[in-house]
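Data block below; observations after.
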Amino acid sequence: MSKRALVTGGSGGIGAAICQRLAEDGFEVIIHTHRNFTKAAALADAIRAVGGCAEVSVFDVTDREMTNLAVQALMDTGPIQVLVNNAGVHDDAAFPALDPRQWHDVVDVSLNGFFHVTQAVLMPMIRTRWGRIINITSVSALMGNRGQVNYAAAKGALHSATKSLALEVASRGITVNAVAPGVIETEMSAQTFDSARVARIVPMGRAGHPAEVAYLVGFLASERAAYISGQVISINGAMV
Ligand code: NDP
C-alpha cells in the first residue's frame, strides 16, 4: 500500500512542485490549501490525469481547532506518514517599522502552523513506526535578511524545533529535517527579487526552480534517507 503525504501550502509555487514530485514517487498526496481551493483542485486533477493519487484538504494552519478537525478527518482513512510543513508567508518591513500584526502573522503561519499540524499527525505516525517530517524554512534564517526579522525568526525557530523533534522521534523510525531554500522562482519571490538583484546575491546567478527544491524533499521523504535526521539542508545556488 502506498504511503500518504500531506503537503501544507500545496497550492503555492514550491508546495505544488513538492506535491507533483511526491505523487510521481508513488505517494498518495494530500494537497493542502487555505484560500486557493481552485488551484489545489486543478493540481489534484493534473496528478490524477497521469495516474497519480491526490486529494485536497482545506484549513487554516494558524487555527488549531480547525487544523485538528481537518487532520483527524484525513486520518480517519489512514495515517499520514509524510508531512511537509511548507505553508508560509512573509510580510517584510524594516524592524523599527515592523507592525505587531506583521510579526504575529508571519510567526503564526510558519511556526504555530508547524506546531498545530505536526502535533495532529504525530501520534498515529509514531504508531506506524515510519515517518518523514520535512519543514520548509529559508536561507534568511541562516544568513539573515534585512526587512525580514519576523520571517527569519520564525524560520530559525523551525530549525531548532527540527533538531529537538528529531531527537524525540529518532527511535520510532521517523526523521525530521528542514529544507532551507534560497531564492526560488515563485510568486512569493517575484514580489521581493528582480532579476538584477538575483544576479547580485546568488553566486549561480539565477533563482532556483521549485522542482529543484522538490527533488531534495522527495529524497528526504524516501526510504533511502532513513539515516538523515535533525538536519538543516539549504538549497540556494551557493549563497551560503
Ligand atoms: P506561496 O506564496 O506560493 O505559497 C504559500 C503557501 O502557504 C500557499 O499555499 C498558502 O495557501 C499557504 N498559506 C499561507 N497562509 C496560510 C494559512 N494561514 N494556513 C494555511 N496555509 C497558508 O509561497 P512559496 O511556494 O514561494 O513558498 C513555500 C514555502 O517556501 C514557504 O514556507 C516560504 O517561506 C518558503 N520559501 C520560499 C522561498 C521563495 O523564494 N519562494 C525562499 C525560501 C523559503 P493558499 O494560497 O491556499 O491560501
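Listed values, structure above:
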{"quantity": "Loop sites in the stretch 144-180: trypsin sites (Lys or Arg not before Pro), DSSP, at most 13 other Cβ within 10 Å", "calculated": "Arg146"}
{"quantity": "Derived scalar couplings ³J(HN,Hα) [the stretch 166-172; Karplus, 6.51 cos²θ - 1.76 cosθ + 1.60; whole Hz; x for Gly, Pro]", "calculated": "4, 5, 5, 10, 4, 7, 9"}
{"quantity": "Cβ-defined net charge surrounding Val198, 10 Å radius [Lys, Arg +1; Asp, Glu -1]", "calculated": "+1"}
{"quantity": "Computed lengthening from Phe115 to Ala211, 0.36 nm per intervening residue step minus Cα-Cα distance", "calculated": "31.9 nm"}
{"quantity": "Label-reachable residues, the stretch 114-139, where backbone N falls under 19 Å from a point 7 Å from Ser160's Cα toward its Cβ", "calculated": "114-116, 118-119, 135-139"}
{"quantity": "Residue among Phe37, Ile18, Ala97 farthest towards the positive dipole end of the stretch 1-97, charges placed on Cβ", "calculated": "Ile18"}
{"quantity": "Dmax and Rg, reported as Rg then Dmax, of the stretch 4-235 (C-alpha, Å)", "calculated": "16.8, 51"}
{"quantity": "Local electrostatic count, Gln20, Cβ distance below 14 Å [Lys/Arg +1, Asp/Glu -1]", "calculated": "-2"}
{"quantity": "The chain: relative contact order in percent, alpha carbon pairs under 8 Å with at least 6 residues between", "calculated": "20 percent"}
{"quantity": "Theoretical FRET efficiency, 1/(1+(r/R0)^6), r = Cβ-Cβ of Glu24 and Arg129, R0 30 Å, to 0.05", "calculated": "0.75"}
{"quantity": "Surface per residue (accessible, 1.4 Å probe) for the stretch 32-125, Å²", "calculated": "50 Å²"}
{"quantity": "Ile233/Met188 FRET efficiency (R0 22 Å; Cβ-Cβ; nearest 0.05)", "calculated": "0.65"}
{"quantity": "Global geometry of the stretch 1-84, whether rounded, prolate or oblate, following the gyration tensor of its Cα atoms and the 1.5 cut on a/c", "calculated": "oblate"}
{"quantity": "Net dipole in debye of the chain [+1 Lys, Arg Cβ; -1 Asp, Glu Cβ; about Cα centre; nearest 20]", "calculated": "580 debye"}
{"quantity": "Ellipticity estimate at 222 nm from DSSP helix runs (n ≥ 4, -39,500 (n - 2.57)) divided over the chain, nearest 500", "calculated": "-13500 deg cm²/dmol"}
{"quantity": "The chain - percent of accessible surface contributed by carbon and sulfur, probe 1.4 Å", "calculated": "55 percent"}
{"quantity": "Virtual spin-label span in nm between Ala94 and Ser171, 7 Å along Cα→Cβ", "calculated": "5.3 nm"}
{"quantity": "Dipole of the chain, positive direction: furthest Cα of Val179, Ile228, Leu69, with charges on the beta-carbon", "calculated": "Ile228"}
{"quantity": "Cut-off 12 Å between beta-carbons: net charge of the residues surrounding Val213, Lys and Arg +1, Asp and Glu -1", "calculated": "-1"}
{"quantity": "Contour minus Cα-Cα distance for Arg48 and Ala196 (0.36 nm per residue)", "calculated": "49.4 nm"}
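The values are calculated or read from the model by the stated rules, or taken from the named source; none is laboratory data. For clarity, every value in this text was computed on a predicted model and none was experimentally measured. Backbone-built Cβ (ideal geometry, glycine too); neighbour counts: all protein chains shown. For accessibility, only protein heavy atoms count, side chains too; no ligands or nucleic acids. Shrake-Rupley method; radii C 1.70, N 1.55, O 1.52, S 1.80 Å.
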